[in-house]
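The values are calculated or read from the model by the stated rules, or taken from the named source; none is laboratory data. Treat the numbers as computed from the prediction; the structure is a model and nothing was measured. With ideal geometry, Cβ positions are generated from the backbone for all residues, glycine too; neighbour counts draw on all protein chains shown. For accessibility, only protein heavy atoms count, side chains too; no ligands or nucleic acids. Shrake-Rupley method; radii C 1.70, N 1.55, O 1.52, S 1.80 Å.
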Amino acid sequence: MTSLRTDRRDVAAGARAMVPWLAGLVPFGLVIGVSAAQADIPALAGWLTGPLIYAGSSQVATIGMLDARAAPMVVVASALIINIRLVFYSATMARHWRDTPWWWRLAAAYLMVDPSVAVGLDGYRRLSPRRAHAHYLGGAVLLWVSWLAAIGAGAMVGARWPTWLHLEFVIPLYLVGQTISKLAHPAQRQAILAAATVALLALSAPLQLGVAMAIAAGVAAGLAAEVRR
């Protein structure tokens, strides 16, 4: 069982391990906040994509589709498809969380996104289970607080942000950086190429379905590559 009195040093170590990730994620969150404020949706709804969805890529897609007046079912389906990778992350983390209380697994799963999984797995490789739990929480909680704060700051700036700065370029640059780091893995490379190809072919798809089609193609290609291996 996980003790409520976790080692503060491991919590602090997890937070320190998360700091390098914040250099790219905080500007990303700031852009999402600005985009939400400038979109034709209620400001509160835009900010709530942070704690409710808590995944940058699907937040961008959701805000864009809501602004474009896409059908609600399409918005929900697209967000779920984009976040399908979290199912695979949960399978990876499940073996480390098997003996923890249900409430701990619930909180840890809510905080589970790409950076928190990376920081958490590093701790689970090096530390005992109890210490690794504290390490995971330290990084994941710092990321969550920083992410919501960045979105809130962007939403407060909103339309007052100078248009000549073109802050929206941070999103594709960040996503390109994330993509390049995954090209060395064969299955991930095939998933990226499949998703990019379908995205280009489906640029004119109605109801913003191109994003969902590209994600589905990428997931299918990645799974097929893993099965062949």
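For residue 109, the conditions (1) touching a residue at least 12 places away in the same chain (Cβ under 8 Å); (2) surrounded by 15 or more Cβ atoms within 10 Å (Cβ to Cβ) are fulfilled apart from (2).
Checked across the range 36-53, the condition of being among the hydrophobic types (A, V, I, L, M, F, W, C), in contact (Cβ under 8 Å) with a residue 40 or more places away in the chain, under 25 Å from residue 191 (Cβ atoms) and assigned to a helix (DSSP H, G or I) holds for no residue.
Being more than 20 Å from residue 107 (Cβ to Cβ), assigned to a helix (DSSP H, G or I) and modelled with pLDDT of 85 or more is a property that residue 22 has. Find the residue count for the range 122-153, including only residues that are part of a helix (DSSP H, G or I) and open to solvent by 40 Å² or more (accessible area, probe 1.4 Å). Counting residues in the range 122-153 that are part of a helix (DSSP H, G or I) and open to solvent by 40 Å² or more (accessible area, probe 1.4 Å) gives 13. The set of residues in the range 98-121 that are assigned to a helix (DSSP H, G or I) and touching a Ser or Thr at 6+ places or on another chain (Cβ under 9 Å) comprises 104, 108, 109, 117, 121.
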